[in-house]
Amino acid sequence: LLDLAAGVTLQAGALHRLTTMISNSKARTPPQPWVLQSFSSGAASADSALDEASVLGYEVVEAMTLWSVSLAVEEQSQRRGLQPVRLRLAAVTPEALKPGDVLRV
């Protein structure tokens with residue numbers, strides 16, 4: 001539950017941004033919905049409910065055992081200004097990748 005500090009209000013009809021840090025489960029879990037609700041008072045009850053939004057979360061999978069980024073050509077200088085630099089990404093996954101799997105970087 002997030003309570004606003006005394007005297008802090010949110011303007012109706014305006015866009016607001018909520019930034020939060022979370023910790024994923026240490027175990028593999030299926031996607032779970034994320035629900036954000038707002039209330040007119042500190043009592044999170046049906047009587048004070050204002051808005052509710054829900055977004056389907058992502059599946060939590062086991063972490064990669066290795067993840068590294070290096071220059072693809074070792075002799076290449078890291079200071080190249082606006083010139084393209086080729087990178088090598090290395091990753092070891094806990095399970096074999098299958099056709100259609102996607103790694104988002």
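The values are calculated or read from the model by the stated rules, or taken from the named source; none is laboratory data. Only a predicted model underlies this, so the values are computations on that prediction, with no experimental measurement involved. Neighbour counts run over all protein chains shown; Cβ positions are idealised from the backbone, glycine included. Just so you know, the surface numbers come from the protein's heavy atoms only, side chains and all, with ligands and any DNA or RNA stripped out. Shrake-Rupley method; radii C 1.70, N 1.55, O 1.52, S 1.80 Å.
Descriptive notes on the structure:
- Relative contact order %, the range 18-105, counting alpha carbon pairs below 8 Å whose residues are six or more apart: 24 percent
- Scattering profile of the chain at q = 0.24 Å⁻¹ [log10 I(q)/I(0), Debye over alpha-carbon scatterers]: -1.43
- Note on the chain: dipole from Cβ charges, positive end direction compared against Met21, Ala6, Leu56; the farthest Cα belongs to Met21.
- Candidates Ser40, Ser25, Ser54, ranked by Gaussian network fluctuation over the chain, Cα under 10 Å, top entry: Ser40
- Within the accessible area of the range 21-105 (1.4 Å probe), percent carbon and sulfur: 56 percent
- GNM flexibility winner over the chain from Arg28, Arg86, Arg17 (Cα, springs under 10 Å): Arg17
- Total charge dipole magnitude, the chain, about the Cα centre, Cβ charges on Lys, Arg, Asp, Glu only, Debye to nearest 20: 580 debye
- Each residue of the range 64-72 is assigned a 3J(HN,Hα), and the resulting list reads 5, 7, 8, 8, 9, 10, 9, 5, 5 Hz, derived from the Karplus form 6.51 cos²θ - 1.76 cosθ + 1.60 (θ = phi - 60°), x at Gly and Pro.
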